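Sharing a structure, written as structure tokens. Questions coming.
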Amino acid sequence: MLPTAAIRFPQPGQLKVLFFDVNETLLDMSKLKKAVVTAFGDKSAFRQWFGLLLQYLLVDTVTERYHEFGVIANAALDMTAAKLETKPLKAVQKQKILALMTQLPAHPDVAQGLEMLREAGYRLVAFTNSTKFVLDQQLQYAGIMGYFEQGLSVDVLRRYKPQRSTYHEVARHLGVMPEQAALIAAHGWDIAGAQAAGLFTGFIARPGQELYPLAGPPTYHGKTLVEVARQMIG
């Protein structure tokens, strides 16, 4: 049995900035999942593709190279075809799939949760592994851009989350210490990275997402952003 780590909570007034992951955390990727599964004719295709995408974002960071998120996503589609032992998708098919990244709706709980946190006085910042261009399109399409003070991408840093320095750099950019910030995400790897960087964390347990048990528990944990927001506001 794994040891149970104590949950670290901020002092009243300590938290100033909340960083939000975007894909799956704020945006519903069902439309994209359906497109990938349909294109490959395999129910496991989206899981295979997205897993490869995340894996090779990490490879780029560890090997100190950098390709944009969309470039790696494109390559991962080819790798998915090889893994499923099927013919590669045509360029136009891949373009249509990747274009859907900018046409994803927000989860139903997101607008209410963001409004609650903004009214509570937190500074809200979107922070993504996608490019800034894609991020702006995503937030605009989902109708949630107005909730955020800024939208930040790792593109400027050329290092992907969950590398610890990415969280340190964005905190510094916002003029706060890591212990004055929290990351809200639906990915265990993102929560683990933020915790290692000294941030507080809020995990949204979207369907199919899980925490990394060796990283310790998040500060806040709920099935929706509204649940997490209520815990943070108290």
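Within the range 147-161, can you find the residues that are more than 16 Å from the chain's Cα centre (by Cα) and either part of a helix (DSSP H, G or I) or surrounded by 19 or more Cβ atoms within 10 Å (Cβ to Cβ) (or both)?
The one that is more than 16 Å from the chain's Cα centre (by Cα) and either part of a helix (DSSP H, G or I) or surrounded by 19 or more Cβ atoms within 10 Å (Cβ to Cβ) (or both): Tyr147.
Find the residue count for the range 95-116, including only residues that are among the acidic types (Asp, Glu) and either surrounded by fewer than 18 Cβ atoms within 10 Å (Cβ to Cβ) or without any contact (Cβ under 8 Å) to a residue 24 or more places away in the chain (or both).
Restricting attention to the range 95-116, the residues satisfying the condition of being among the acidic types (Asp, Glu) are 109, 115.
Still in the list and also either surrounded by fewer than 18 Cβ atoms within 10 Å (Cβ to Cβ) or without any contact (Cβ under 8 Å) to a residue 24 or more places away in the chain (or both): 115.
Number satisfying all stated conditions: 1.
Just one of the numbered conditions (1) surrounded by 13 or more Cβ atoms within 10 Å (Cβ to Cβ); (2) more than 20 Å from the chain's Cα centre (by Cα); (3) closer than 29 Å to Leu139 by Cβ; (4) not hydroxyl-bearing (Ser, Thr, Tyr) is not true of Ala81; which one?
(3)
Is it the case that Ser153 is within 14 Å of Asp21 (Cα to Cα), in contact with a Leu (Cβ under 8 Å, 6 or more places away or on another chain) and among the hydroxyl-bearing types (Ser, Thr, Tyr)? Give the steps one after another, and end with the answer.
Details: within 14 Å of Asp21 (Cα to Cα): yes; in contact with a Leu (Cβ under 8 Å, 6 or more places away or on another chain): yes; among the hydroxyl-bearing types (Ser, Thr, Tyr): yes.
It is true that Ser153 is within 14 Å of Asp21 (Cα to Cα), in contact with a Leu (Cβ under 8 Å, 6 or more places away or on another chain) and among the hydroxyl-bearing types (Ser, Thr, Tyr).
Between residues in the range 165-187 that are assigned by TED's automatic domain parsing to the domain that holds Val228 and without any contact (Cβ under 8 Å) to a residue 60 or more places away in the chain and residues that are in a helix (DSSP H, G or I) and buried (at least 17 other Cβ atoms within 10 Å of the Cβ), which pairs lie under 6 Å by C-beta distance while being six or more apart or on different chains?
Pro178/Ala171
Going through Phe9, Phe40 one at a time, which residue ends up being at pLDDT 95 or above and either hydrophobic (A, V, I, L, M, F, W, C) or surrounded by fewer than 21 Cβ atoms within 10 Å (Cβ to Cβ) (or both)? Break it down into steps so the answer makes sense when it comes.
Values: Phe9 fails: at pLDDT 95 or above.
Being at pLDDT 95 or above and either hydrophobic (A, V, I, L, M, F, W, C) or surrounded by fewer than 21 Cβ atoms within 10 Å (Cβ to Cβ) (or both) holds for just one of Phe9, Phe40, which is Phe40.
Is it the case that some residue within the range 203-213 is over 16 Å from the mean Cα position of the chain (by Cα), over 25 Å from Asp28 (Cβ atoms) and in the same structural domain as Met116 (by TED's automatic domain parsing)? I'd like the intermediate steps shown before the answer.
The initial filter retains those residues of the range 203-213 that are over 16 Å from the mean Cα position of the chain (by Cα), namely 213.
If we keep only those that are over 25 Å from Asp28 (Cβ atoms) too, we end up with 213.
Subsequent filtering for residues that are in the same structural domain as Met116 (by TED's automatic domain parsing) retains 213.
Looking through the range 203-213, at least one residue is over 16 Å from the mean Cα position of the chain (by Cα), over 25 Å from Asp28 (Cβ atoms) and in the same structural domain as Met116 (by TED's automatic domain parsing).
Let me ask another. Check Ala181, Ala229, Ala120 and return the single one that is in contact with a Phe, Trp or Tyr (Cβ under 8 Å, 6 or more places away or on another chain) and of a type outside the set (Asp, Glu). Explain how you work it out, then say what you get.
On the way: Ala229 fails: in contact with a Phe, Trp or Tyr (Cβ under 8 Å, 6 or more places away or on another chain); Ala120 fails: in contact with a Phe, Trp or Tyr (Cβ under 8 Å, 6 or more places away or on another chain).
Selected residue: Ala181, the only one of Ala181, Ala229, Ala120 that is in contact with a Phe, Trp or Tyr (Cβ under 8 Å, 6 or more places away or on another chain) and of a type outside the set (Asp, Glu).
Name the pairs: first residue in the range 81-94 and in a loop (DSSP other than H, G, I, E, B), second residue surrounded by fewer than 15 Cβ atoms within 10 Å (Cβ to Cβ) and at pLDDT 95 or above, Cβ to Cβ under 9 Å, at least 6 apart or on different chains?
Leu84/Gly41; Leu84/Ser44; Thr86/Gly41; Pro88/Asp78; Pro88/Ala82; Leu89/Asp78
Among the residues of the range 1-28, write down those that are farther than 18 Å from His221 by Cα, out of contact with any helix residue (DSSP H, G or I) (no Cβ under 8 Å at 6 or more places or on another chain) and either part of a helix (DSSP H, G or I) or in contact (Cβ under 8 Å) with a residue 60 or more places away in the chain (or both).
Asp28
The values are calculated or read from the model by the stated rules, or taken from the named source; none is laboratory data. Since the model is a prediction, treat every value here as computed from it, not as a measurement. Note: ideal-geometry Cβ built from the backbone for every residue, glycine included; neighbour counts use all protein chains shown.
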